[in-house]
Structures are given as structure tokens and as C-alpha cells.
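*Asks:* The structure under discussion is supplied below as C-alpha cells; questions concerning it will follow.
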Amino acid sequence: MENWQTREKKRYDDAYASGEYMPDNEISFYDVIFNTFYFDRIKTILDVGCGLGLGVRRLRFRQKEAYGIDISDGPGNVWKEMAIDKYCKVASADSIPLEDNKFDLVISTDMLEHIPCHAIPGVFKEMKRVCAHDFIFQICCTPAKESMPDGSEPHLCVKDQIWWLNKILDSGYKILWVLSPQSHNLICLGTVVDDDNGLLLQFKPGIEIVKLGEK
């Protein structure tokens, strides 16, 4: 029986090969986080589900030790063109070939909803393993606006914000803040460490946020 990792890798390899699949959502997401946070205390960053690697490139430009993984090798040529191929690996989010506690910040943008729901706990566990401090997860809570080139639905786990927040908390993450709480997109951030020092990330002035537990 084919496992979900093999099936999804083939689906995205085929999508990239078709020439009709070129995700660029990471551009707008990184615009948001660069406008929201100071990164001064962050040195090492992993982008899980990095796609074309545009976020990795932008972080590298800002002198951060940024790396990415993606289940498909379809973006490989783009990685080479942008000279980030040595920083990006083909790997599944539930089997990250990197050391424990390696990254100050683990980022996932519009990736988790592409994972089958039954596999989500394993993915959260693995991302937590490589995370030394902060995380930012952006998760779409609705079906995709466009189908894959083969006509299939890209989002395999369409759940509401409460479902996702509970899964994150159950996996041992400490959620501190939620951005865009009324949106179909959940953006949450926090830490994996148990201390009172808060985040390494620092909010810029004037950012509208909701602390978990507040309304």
C-alpha cells in the first residue's frame, strides 16, 4: 500500500513538471512577518515546506542561517538558479534529516493543510524536535481556491482554527499569540521552551495581535 509521503511527493513532482504549478504564497507571508517582527535575536531558521525557496532566499539576504525542506524535488532547478540549493533539502515534514534543537525559529506557511489529518501529530512532533525556541505556523482553514493541475484538491486537512490550535497545544507547543484570529488563515506563534522569557522574535510597534486566552 502506498504511503502518504510517496503519494504526495509524486503529486507535487508531477504538478511542478506540468509547468502549471508555481506557488508564490510564501512571498506575501514573508512580507507579513518582516513587517511584524524584529529578527535581531534569531540566527537559525528552518522553513518546512519551503516550496520554491523564496523565503529561504529572503532570510539569507538578511544574513540569517536559513534552510528549507520540501517533499518535492520539483523546485530543485529554481533552488539552483537562486543559489540556495545547498540550503534546501528534499524531505518529508515527518522525517526531517536535521539535528535536534537546531533552529531558533521553525516556520511553516500554508504547508500543514496539505498533510493528511491522520499524519498531522507526527509532523508537529518532528518540527518540535528540530525547534530550539520559536515557531510561526500559517495554516489555511478552507479548501484551496484552485485545484492541482491533475484536478485534485491540494488541501487534505481542512479544519477550523480551534482544531488546529488544539493539535498544536497537544503536541507540546506553547502558543503565545494569534494573528488574524477572525481570518480563514490561522497565523500563530509561540515557543517550545518552558520559561517566562517569551519569544526571541520581537513585535514591531503598532501590530494588532491577540494573546491566547484573550478575546
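*Asks:* Under the Cβ-under-4.7 Å rule, which cysteines of the chain stay unpaired?
*Replies:* That list is 50, 88, 131, 140, 141, 188.
*Asks:* Continuing with the same structure: How large is the translational diffusion coefficient of the chain in µm² per second when you combine the Kirkwood radius over alpha carbon pairs with Stokes-Einstein at 10 °C and 1.306 mPa s? Could you put the intermediate results ahead of the total?
*Replies:* On the way: Rh = 17.5 Å.
The diffusion coefficient I find is 91 µm²/s.
*Asks:* Continuing with the same structure: What do you get for GluC sites (Glu not before Pro) in the range 78-146 restricted to DSSP loop and a cutoff of at most 12 other Cβ within 10 Å of the site's Cβ?
*Replies:* Values: sites: 81, 99, 113, 126, 146; in loops: 99, 146.
Those satisfying the criteria are 99, 146.
*Asks:* Evaluate the relative contact order of the range 4-211 (contact order divided by residue number), counting alpha-carbon pairs under 8 angstrom at least 6 apart; express in whole percent.
*Replies:* On the way: 374 pairs, mean separation 41.9, N = 208.
Relative contact order for the range 4-211 comes out at 20 percent.
*Asks:* Given R₀ = 45 Å, what would the calculated FRET efficiency be for residue 22 paired with residue 193, taking r from the Cβ atoms and rounding to 0.05? Before the final figure, lay out each step's value.
*Replies:* On the way: r = 37 Å, r/R0 = 0.82.
E(calc), rounded to 0.05, equals 0.75.
*Asks:* Once both axes come from the Cα atoms, what is the angle between helix 25-36 and the longest principal axis of the chain, in degrees from 0 to 90, rounded to 10?
*Replies:* Helix 25-36 sits at roughly 10 degrees to that axis.
*Asks:* Another question about this same structure. Nearest 10 degrees is fine. How inclined is helix 161-170 to the longest principal axis of the chain, computing both from alpha carbons?
*Replies:* 80 degrees
*Asks:* About the Cα centre of the chain, what is the dipole size in debye to 20, counting +1 per Lys and Arg Cβ and -1 per Asp and Glu Cβ, all else neutral? Don't jump to the answer; show the numbers that get you there.
*Replies:* Details: 25 positive and 33 negative charges, 92 e Å.
It comes to approximately 440 debye.
*Asks:* With point charges of +1 on the Cβ of Lys and Arg and -1 on the Cβ of Asp and Glu, referenced to the Cα centre of the range 4-211, which listed residue (168, 189, 90) lies farthest in the positive direction of the dipole?
*Replies:* 189
*Asks:* Tilt of helix 120-130 relative to the longest C-alpha principal axis of the chain, in degrees (0 to 90, nearest 10)?
*Replies:* In the chain, helix 120-130 runs at an angle near 70 degrees to the longest axis.
*Asks:* May I ask you to compute the full-extension gain from residue 99 to residue 83, defined as 0.36 nm times their residue separation minus their alpha-carbon distance, rounded to one decimal in nm? Could the numbers behind the result be given before it?
*Replies:* Details: separation 16, 0.36 × 16 = 5.76 nm, distance 2.32 nm.
So the extension gain works out to 3.4 nm.
*Asks:* Additional query: Counting only C-alpha contacts under 8 Å and six or more residues apart, can you give the relative contact order of the range 84-131 as a whole percent?
*Replies:* On the way: 32 pairs, mean separation 27.8, N = 48.
This gives 58 percent for the range 84-131.
*Asks:* Further question on the same structure: Search the structure for amide H atoms under 5 Å from the amide H of residue 176, placed 1.01 Å from N in the peptide plane, and list their residues when 5 or more places away or on another chain.
*Replies:* Long-range HN contacts for residue 176: 189, 190, 191.
No value in this document is a laboratory result; all are computed from the given coordinates. What you see is a predicted model, and the numbers here were worked out from it, not measured in a lab. Neighbour counts run over all protein chains shown; Cβ positions are idealised from the backbone, glycine included.
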